[in-house]
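The values are calculated or read from the model by the stated rules, or taken from the named source; none is laboratory data. Note that the structure is a prediction, hence the values are computed from the model and not measured. Positions of Cβ are generated from backbone atoms using ideal geometry, with glycine treated the same way; all protein chains shown enter the neighbour counts.
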2 protein chains.
Amino acid sequence: MVEARPNGTALRRAILDESRHLLVAEGYDNLSMRKIARAVGCSATSIYLHFDNRDALIHALIDEGMERLHEQLVVASVDADPLERLKALAHAYVRFGLDNPEYYQVMFQLHPERMERYPVEKFRRARRNLEIHAEALTDGVASGVFVLESPDTGAHVLWTALHGLSSLLLAERVDVKIADEAFIDAAIQHALEGFKA
Amino acid sequence: MVEARPNGTALRRAILDESRHLLVAEGYDNLSMRKIARAVGCSATSIYLHFDNRDALIHALIDEGMERLHEQLVVASVDADPLERLKALAHAYVRFGLDNPEYYQVMFQLHPERMERYPVEKFRRARRNLEIHAEALTDGVASGVFVLESPDTGAHVLWTALHGLSSLLLAERVDVKIADEAFIDAAIQHALEGFKA
DNA sequence: GGCGGCAGTTAACAGTGGTAAGCATTGTTG
DNA sequence: CAACAATGCTTACCACTGTTAACTGCCGCC
């Protein structure tokens, strides 16, 4: 018995939504095609009509995550002062990771093998989130508060520091004597220090 | 037909060795209990006689990795000058990660859930690798080249930066215009800059 | 009316981690 | 030496995974 769906690709939308819910609710390890199918109310194989395989579905979730992160970064990127803006961006990045652990894992902590298949055009889209940081660095160089060779390299360096901070906090591997918030402040402060003139 | 083993727990040793080989050769994703059993030449369930479950076996591998990393760090930690020593330690850390991707993944990139069960005493043992960095920082503060509040916090901050660098390089997510080696130099330079007086 | 293709189904395959029950061999004890 | 218990390992399962093949029913089109 097949419940008729309003329009052709509504199931695709439903699969994405339920996947997102399951991902956030039960974590990446508990995200299986059959569970998604049960939540959506279709058979597991129907998912393969809309996504080539599990990875393709996950890539779509990465897309959603990148979009969400981008929104947060745009919101944080308001201050005219480059240093303050970069600090706000850094905090927003880490905050996003801590607030959306499942998304963060899917976006940045998946195995390289899986990422290889991540379509190039989507990868480019994800780069916007780096460019926001690079712009703040460029502005800072123009106004003389930052000194660095390349904003692109600088943004990547900052990203590696922020990613290390976020991922180790998420993994609860940071067993430091001070509170998490204070540690985040210290780490971000340290990272920004390296750019200052 | 059961091949008699020389002594009681030789199988445990064989399981660890084959697991390590398989881990390095085929990667974490392809490391299954049955494959290990086939390589060792025993049944899959025999592994459960020596390790509570898959996670316990992996914890033992983490131990081996921590030990190896420790050896590398000790080798790198020779320079009397704290800044040079810390730089060498940072490079050794990243080098270890890039040279031993499978170990690095198992040691630092596994899911938090798995880490929860990671025995505390082993976690303490892993902390030695942080303390080596903290000592260099302490020495640097004493000789006036570094300024920081706490060597412990400082070592953790440095670690987050190094981990972000290593893990993103391993995931091949760093798409920067310069060569990897130059990027590593830049990132480590940036991280050390934040400690300088 | 017939027909093609689309969107979904069920059945099955090969693999996974993990458990239960059983079977030798070995060491200990009366 | 004989009886017993424990150790180390086995086979046979269970429930689950991602994925494919083959099938069915329904829609619009000629």
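Some values worked out for this structure:
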{"read-out": "Subset tally (residues that are more than 16 Å from residue B:111 (Cα to Cα) and at pLDDT below 90) for segment B:28-40", "value": "1"}
{"read-out": "Segment B:29-44 residues that are within 19 Å of residue B:102 (Cα to Cα), paired with ones that are surrounded by 17 or more Cβ atoms within 10 Å (Cβ to Cβ) and among the β-branched types (Val, Ile, Thr) (beta carbon under 7 Å, 6 or more apart)", "value": "B:33/B:47; B:36/B:15; B:36/B:47"}
{"read-out": "Conditions (1) away from chain A (no Cβ under 14 Å); (2) more than 14 Å from DNA strand D (Cβ to nearest atom); (3) farther than 22 Å from residue B:126 by Cα; number of the one not met by residue B:26", "value": "(1)"}
{"read-out": "Close pairs (8 angstrom Cβ cut-off, 6 or more residues apart or separate chains): facing chain A (nearest Cβ under 9 Å) in segment B:105-129, surrounded by fewer than 14 Cβ atoms within 10 Å (Cβ to Cβ) and in a helix (DSSP H, G or I) anywhere", "value": "B:111/A:29; B:113/A:29"}
{"read-out": "Top-ranked residue of segment B:147-161 - restricted to ones that are more than 7 Å from chain A (Cβ to nearest Cβ) and within 23 Å of the chain's Cα centre (by Cα), ranked as nearest to residue A:149 (Cα to Cα)", "value": "B:158"}
{"read-out": "Index of the failed condition, residue B:195 passing every other in (1) at the interface with another protein chain (Cβ under 8 Å from one of its Cβ atoms); (2) without any contact (Cβ under 8 Å) to a residue 24 or more places away in the chain", "value": "(2)"}
{"read-out": "Index of the failed condition, residue B:91 passing every other in (1) in contact (Cβ under 8 Å) with a residue 40 or more places away in the chain; (2) within 14 Å of DNA strand C (Cβ to nearest atom); (3) surrounded by fewer than 17 Cβ atoms within 10 Å (Cβ to Cβ); (4) of a type outside the set (Gly, Ala, Ser)", "value": "(2)"}
{"read-out": "Any hit, segment A:56-71, residues being among the hydrophobic types (A, V, I, L, M, F, W, C), free of Cβ contacts under 8 Å to residues at least 12 places away in the same chain and more than 16 Å from DNA strand D (Cβ to nearest atom)", "value": "no"}
{"read-out": "Identity of the residue in segment A:39-48, in a helix (DSSP H, G or I) and surrounded by 14 or more Cβ atoms within 10 Å (Cβ to Cβ), that ends up nearest to DNA strand C (Cβ to nearest atom)", "value": "A:46"}
{"read-out": "Lone unmet requirement of (1) within 15 Å of DNA strand D (Cβ to nearest atom); (2) touching a helix residue (DSSP H, G or I) at 6+ places or on another chain (Cβ under 9 Å) for residue A:10", "value": "(2)"}
{"read-out": "Checklist (1) surrounded by fewer than 21 Cβ atoms within 10 Å (Cβ to Cβ); (2) facing another protein chain (nearest Cβ under 8 Å); (3) over 14 Å from residue A:157 (Cβ atoms) applied to residue B:183, failing item", "value": "(3)"}
{"read-out": "Candidate set: segment B:60-74, residues that are within 16 Å of DNA strand C (Cβ to nearest atom) and more than 14 Å from chain A (Cβ to nearest Cβ); chosen: the one farthest from residue B:21 (Cα to Cα)", "value": "B:60"}
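Table: residues versus (1) touching a strand residue (DSSP E or B) at 6+ places or on another chain (Cβ under 9 Å); (2) more than 14 Å from chain A (Cβ to nearest Cβ); (3) more than 16 Å from DNA strand D (Cβ to nearest atom); (4) of a type outside the set (Phe, Trp, Tyr).
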| position | (1), (2), (3), (4) |
| --- | --- |
| B:38 | no, yes, no, yes |
| B:41 | no, yes, no, yes |
| B:50 | no, yes, no, yes |
| B:83 | yes, yes, yes, yes |
| B:88 | no, yes, yes, yes |
| B:145 | yes, yes, yes, yes |
